[in-house]
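K.L.:
Before anything else, here's the structure in question.
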Amino acid sequence: MRQGVILALLATFMATSMVSRPAAAADAITLTLGGRIKQFFFVAGQTQAPAEALNSTGMFNDTRIAAEGRTVLDNGITVRAFARFNAIGREAVNVDEAYIDVVSSFGRLRMGEKAGVNATTIGDPVPQAFLSVDEEILGDALKGRTAIAMRDAFTFKRFTRNALGVSYQTPELLGFKVGVAYHPSPTDSAIGTVDAAVKAHDAVDVTAGYDGDFTGGTYRIAAGYFRTSSRVGGTDGGQAWNVSAGATYGGLELAAAYINSQPSSGRDEDAWTVGALYGIGPFAISADYRSAKRRPVPRALVLLPARIFEEHVERATLQTSYKLGPGILVGLAGFYAAQRDVLGDNWDGGGVLTGLRIDF
């Protein structure tokens, strides 16, 4: 039986289980408005090609508006609807996320535009004092010279973004939770029937996580597997797996993550990252390092000296921030990146950025 049919049956079963007896809204539906505004200014220096004249200063930002409706039925089931929009219209589609959650003692069923359970379970792969997974130095402040994925690089959101899908996550039991997500068309939010001849299709990710604690701190571990079918004659299918771990002790947080991506093209990627954050009162400081490699040729051409032109990226950031008030953060970050492209040329660059984040 095809993956899509299996996931559809699972979703139907969970939905009917969660509403197995008639229920009415015990609480009135409440509507909450929110959002975030991030503004960054940077100064950077980097290696340039002969025909380039890259400006040493620049800005980037992220502004989004969100609305959430929530109610609790008299049988204890929580129904939540969420929509978030890109407030600055640089994209062809301005909806960032739009989904519905049904949460009960059986777990959480989610349908709509949202990254799968892998991204939800792992969250930030490493802690950052000022930036987040929505910002990526390579591409925002420095020019990327390789085809290596850097933004959302350590979760399966790198493959699906916020494509339409359905997911189910079990309730936590003794610290463990397991989730599965299905996207009919993982490369975009196509509506209706998907033509498998022209689009990647039937993407599934399965993720398990464990949260525990020890004297004075907590720890977490998560691992996942992703697979998608490519279009007929295409190379956008493939599989991937990842692991993530982190721990907190007082104001200190440590975390690391690794991902192996095996697209149908055979140009595999391996990436790992490690980071640490220390916070005391309104102050926080963090440091993180990332390394990623991409094969220059398909796996089928194993006789070629693949490492000669292997793409490679290294990136390090040092960040500090100060909390001015609830949801208001000002910060400073220094960054450096070294890149080797498929031709074997080396590019490096670095700089500093500052800015303001407001979450409301």
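The values are calculated or read from the model by the stated rules, or taken from the named source; none is laboratory data. Keep in mind that what you see is a predicted model, and the values were worked out from it rather than measured. Methodologically, a virtual Cβ is constructed for each residue, glycine included, from the backbone with ideal geometry; neighbour enumeration extends over all protein chains shown. For accessibility, only protein heavy atoms count, side chains too; no ligands or nucleic acids. Shrake-Rupley method; radii C 1.70, N 1.55, O 1.52, S 1.80 Å.
K.L.:
Looking at Y210, Y278, Y258, which is the one that is more than 30 Å from A338 (Cα to Cα) and at pLDDT 95 or above? Break it down into steps so the answer makes sense when it comes.
P.N.:
Numbers: Y278 fails: more than 30 Å from A338 (Cα to Cα); Y258 fails: more than 30 Å from A338 (Cα to Cα).
Selected residue: Y210, the only one of Y210, Y278, Y258 that is more than 30 Å from A338 (Cα to Cα) and at pLDDT 95 or above.
K.L.:
Kindly indicate whether D211 is without any contact (Cβ under 8 Å) to a residue 60 or more places away in the chain and not in a strand (DSSP E or B). Please lay out each step first, then the result.
P.N.:
Working: without any contact (Cβ under 8 Å) to a residue 60 or more places away in the chain: yes; not in a strand (DSSP E or B): no.
Spelling it out, it is not the case that D211 is without any contact (Cβ under 8 Å) to a residue 60 or more places away in the chain and not in a strand (DSSP E or B).
K.L.:
On to the next question. For the range 147-177, enumerate the residues that are surrounded by fewer than 19 Cβ atoms within 10 Å (Cβ to Cβ) and more than 16 Å from the chain's Cα centre (by Cα).
P.N.:
Selection gives A147, T170, P171, E172, L173, L174, G175, F176.
K.L.:
Identify the residue in the range 24-47 that is open to solvent by 80 Å² or more (accessible area, probe 1.4 Å) and at pLDDT 90 or above and, among all such residues, is nearest to P326 (Cα to Cα).
P.N.:
Once the filter is applied, the top-ranked residue is L33.
For every residue, the table says whether it meets (1) of a type in the set (A, V, I, L, M); (2) within 23 Å of R227 (Cβ to Cβ).
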site: F85; (1), (2): no, no
site: N94; (1), (2): no, no
site: R108; (1), (2): no, yes
site: A129; (1), (2): yes, no
site: E135; (1), (2): no, no
site: D140; (1), (2): no, no
site: G144; (1), (2): no, no
site: R161; (1), (2): no, yes
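K.L.:
Might you check whether a residue that is on the phi > 0 side of the Ramachandran plot and surrounded by fewer than 15 Cβ atoms within 10 Å (Cβ to Cβ) occurs anywhere in the range 225-232? Give the steps one after another, and end with the answer.
P.N.:
Step one: of the range 225-232, the residues on the phi > 0 side of the Ramachandran plot are none.
Looking through the range 225-232, none of the residues is on the phi > 0 side of the Ramachandran plot and surrounded by fewer than 15 Cβ atoms within 10 Å (Cβ to Cβ).
K.L.:
Next up: Would you be able to say whether some residue in the range 178-197 is more than 22 Å from M111 (Cα to Cα) and open to solvent by 70 Å² or more (accessible area, probe 1.4 Å)?
P.N.:
No.
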